[in-house]
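Colleague: Attaching a single structure in structure tokens format; questions to follow.
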2 protein chains.
Amino acid sequence: MKTPIPKPTRVADAYEMLKDEIRSNRMPPGFQAPEPEIAARLGMSRTPVREALIRLQAEGLVELIPRRGARVLPIRAEDMQEIYEIFTSLEPDAAAALARTNPTQAQLQPLTDATAAMERALDTDDLDAWAEADDQFHRHLLNLHGNRRLSGILETLYDQAHRARMITLRLREVPLQSTQDHRDILEALKNGDAERTRALFRRHRERAAFELLNILENYKLPLL
Amino acid sequence: MKTPIPKPTRVADAYEMLKDEIRSNRMPPGFQAPEPEIAARLGMSRTPVREALIRLQAEGLVELIPRRGARVLPIRAEDMQEIYEIFTSLEPDAAAALARTNPTQAQLQPLTDATAAMERALDTDDLDAWAEADDQFHRHLLNLHGNRRLSGILETLYDQAHRARMITLRLREVPLQSTQDHRDILEALKNGDAERTRALFRRHRERAAFELLNILENYKLPLL
DNA sequence: TATTGCTTTAATGCATACATTGATGTGTGC
DNA sequence: GCACACATCAATGTATGCATTAAAGCAATA
């Protein structure tokens with residue numbers, strides 16, 4: 001029995017390409033273009049592009065404005081506030097639930113690896129790698145927890161937050177504390193200490209939100 | 001300045017109609033039909049139907065199976081478990097945050113009304129009205145809290161859970177406890193007691209999940 | 001110059017056409 | 001009766017055409 005590999009179709013291509021352009025800020029916040037133009041750029045007709053855009057709109061990355069085309073959503077401090085509030089609610093509970101299952105070292109390996117990668121990245125001053133590893137930690141944690149809907153929701157929000165994080169990444173202190181947070185959380189998970197895991201995670205997200213929002217508000221970045 | 005009223009377009013119609021059919025179980029879990037058939041039934045071409053279906057898929061109500069058409073997702077106990085776990089994480093925090101703002105009686109009026117409606121519905125043995133009022137309570141609460149993304153996420157999940165709730169509504173005891181929960185939560189909100197609000201809400205959702213899952217598993221309902 | 005109204009332009013929303021390709025059914029050989 | 005190859009059918013994925021209508025440009029007027 002073969003696993004049905006979803007054949008890459010044009011809609012899927014358009015979706016991937018556009019999402020990548022947006023995440024990478026190559027299509028910056030506020031960028032706007034009519035469907036025909038995007039279609040031309042992607043070398044396909046309007047139909048698959050339109051369908052991809054509908055998905056991206058549902059995921060909160062673009063806005064479809066009648067007669068004006070698709071607009072890449074701006075990065076507003078309020079949006080990040082909303083997003084981080086949700087992180088702060090969901091992730092600590094998910095992590096605590098995972099801790100309660102008394103996961104084995106082997107199971108936690110992806111998290112150990114991600115944490116190690118974060119530390120390595122700090123040593124080599126590679127902030128992009130750091131951000132990537134940080135992301136991986138959070139995603140793997142959710143996978144381990146196993147609630148697929150929860151994963152889906154949070155991944156959508158990670159995508160939304162990604163651009164802001166990349167922009168602010170170099171405007172703040174080296175993320176020593178954040179890296180240490182991960183180390184601590186991992187430790188609590190290994191010990192199966194649910195309450196400690198939850199508390200640590202909550203603090204982790206509260207701090208992250210505080211830092212991010214400070215930067216966004218102080219620097220008044222050109223995010224529209 | 002006039003508020004731009006989103007003119008009802010065919011896609012929007014298709015979306016609303018299909019969503020309504022699904023929520024009401026007129027298109028029952030497991031129902032499957034090819035796009036052309038749905039389009040014919042709605043009296044429009046495939047294009048708007050397809051676009052509506054893409055949205056509904058993103059919202060977890062249908063599944064688009066290549067060559068087989070759109071399929072209304074089944075109601076599985078595991079899905080409800082996932083959903084209620086998310087409720088249990090998000091709503092208590094949101095309610096606690098609201099309590100922390102020391103809301104006035106006037107602000108809480110929609111919740112008072114909803115609670116009263118629940119009690120009235122119990123008196124008159126109108127379970128549908130009860131469910132409706134229950135829903136309203138939760139939605140209004142989120143509105144008051146103000147995190148739009150949070151509202152969006154939870155509303156999507158309410159929709160997903162709706163069908164299961166309606167099916168099980170008459171298979172369980174009269175929801176006295178649940179109604180009382182709302183009364184208590186409202187009281188805690190009025191008192192601005194964040195921690196009590198959170199605790200009550202969490203218990204409320206935990207109990208609801210327990211009951212719902214029990215019914216789903218025991219009755220082995222034909223939900224596929 | 002600012003305002004109003006008209007003309008032009010062009011993007012969307014939708015319908016339709018069509019090629020591709022998986023699913024279904026039939027017939028043949030064993 | 002069963003398996004397999006093949007022919008048929010039909011649904012999707014995509015392209016394209018077209019009417020509608022908002023936006024932008026322009027002109028005439030105050």
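Colleague: Can you give me the pair-distance distribution of region A:75-201, C-alpha pairs, 5 Å bins, whole percents?
Modeller: Each 5 Å bin holds this share of Cα pairs: 2, 11, 20, 23, 22, 14, 6, 1, 0.
Colleague: Right, here's the next one. For region B:132-180, how big is Rg over Rh, using alpha carbon atoms and the Kirkwood form of Rh? All intermediate terms of the calculation are to be shown ahead of the outcome.
Modeller: Working: Rg = 12.3 Å, Rh = 12.0 Å.
That ratio equals 1.03.
Colleague: Something else: How much accessible surface does residue A:72 have with a 1.4 Å probe, in Å² rounded to 10?
Modeller: For residue A:72, the solvent-accessible surface is approximately 0 Å².
Colleague: Sticking with this one: Taking beta carbons within 10 Å but only from partner chains, what does the mean come to for residues A:76-86?
Modeller: Going residue by residue through A:76-86 and averaging, the value is 3.
Colleague: Per the 1.4 Å probe, what fraction of the accessible area of region A:1-110, in percent, lies on carbon and sulfur atoms?
Modeller: Roughly 52 percent of what the probe reaches on region A:1-110 is carbon or sulfur.
Colleague: Is region A:170-214 best put as rounded, prolate or oblate by its Cα gyration tensor, with a ≥ b ≥ c the root eigenvalues, rounded for a/c under 1.5, and otherwise prolate when a/b is larger than b/c, oblate when not?
Modeller: Details: a/c = 5.39, a/b = 1.96, b/c = 2.75.
The shape class here is oblate.
Colleague: Moving on. Would you calculate a helix-derived [θ] at 222 nm for the protein assembly as shown, using -39,500 (n - 2.57) for each DSSP H run of n ≥ 4 and dividing by the full residue count, to the nearest 500?
Modeller: Mean residue ellipticity, 222 nm, calculated: -24000 deg cm²/dmol.
Colleague: Quick one: accessible area per residue over chain B, 1.4 Å probe, rounded to a whole number of Å²? It would help to have the intermediate numbers written out before the result.
Modeller: Working: 11410 Å² over 224 residues.
Here the per-residue accessible area is 51 Å².
Colleague: Highest GNM mean-square fluctuation, chain B, Cα pairs closer than 10 Å: which of B:81, B:105, B:32?
Modeller: Residue with maximal mean-square fluctuation among B:81, B:105, B:32: B:105.
Colleague: Quote the total accessible area buried by chains A and B together, excluding ligands, DNA and RNA, probe 1.4 Å, nearest 100 Å².
Modeller: Approximately 2100 Å², summed over both chains.
Colleague: Would you jot down the residues in region B:131-156 that end up with at least 50 Å² less accessible area in the complete protein assembly than in the chain alone, with a 1.4 Å probe?
Modeller: B:147, B:149, B:153
Colleague: While we're here: Using a ≥ b ≥ c from the Cα gyration tensor of region A:10-72 (square roots of the eigenvalues), is it rounded, prolate or oblate, where a/c under 1.5 gives rounded and otherwise the larger of a/b and b/c decides, a/b for prolate? Show your work: numbers first, answer last.
Modeller: Details: a/c = 1.31, a/b = 1.12, b/c = 1.17.
The shape class here is rounded.
Colleague: For the rotation taking A to B, I'd like to know which residue in chain A has the C-beta closest to the axis, plus that distance in Å.
Modeller: A:58, 2
Colleague: Where Rh is the Kirkwood radius over the Cα pairs of the protein assembly as shown, the temperature 25 °C and the viscosity 0.890 mPa s, what D in µm²/s does Stokes-Einstein return? Don't skip to the answer; put the middle values down first.
Modeller: Working: Rh = 23.9 Å.
It comes out at roughly 103 µm²/s.
Colleague: Just need the Rg to Rh number for chain B, please, alpha carbons only, Kirkwood Rh.
Modeller: My calculation of the ratio gives 1.01.
Colleague: Report the accessible area of residue B:190, computed with a 1.4 Å probe over the heavy atoms of all protein chains in place, in Å² rounded to the nearest 10.
Modeller: 60
Colleague: Pick from A:58, A:121, A:106: which residue has the top mean-square fluctuation in a GNM of chain A where Cα pairs under 10 Å get a spring?
Modeller: Taking springs between Cα atoms under 10 Å, the residue moving most is A:106.
The values are calculated or read from the model by the stated rules, or taken from the named source; none is laboratory data. Since we're looking at a predicted model, the values are computed, not measured. For neighbour counting, all protein chains shown are included, and Cβ atoms are generated from backbone atoms with ideal geometry for every residue, glycine included. Heads up: the accessible areas ignore ligands, DNA and RNA and are worked out on the full protein's heavy atoms, side chains in. Shrake-Rupley method; radii C 1.70, N 1.55, O 1.52, S 1.80 Å.
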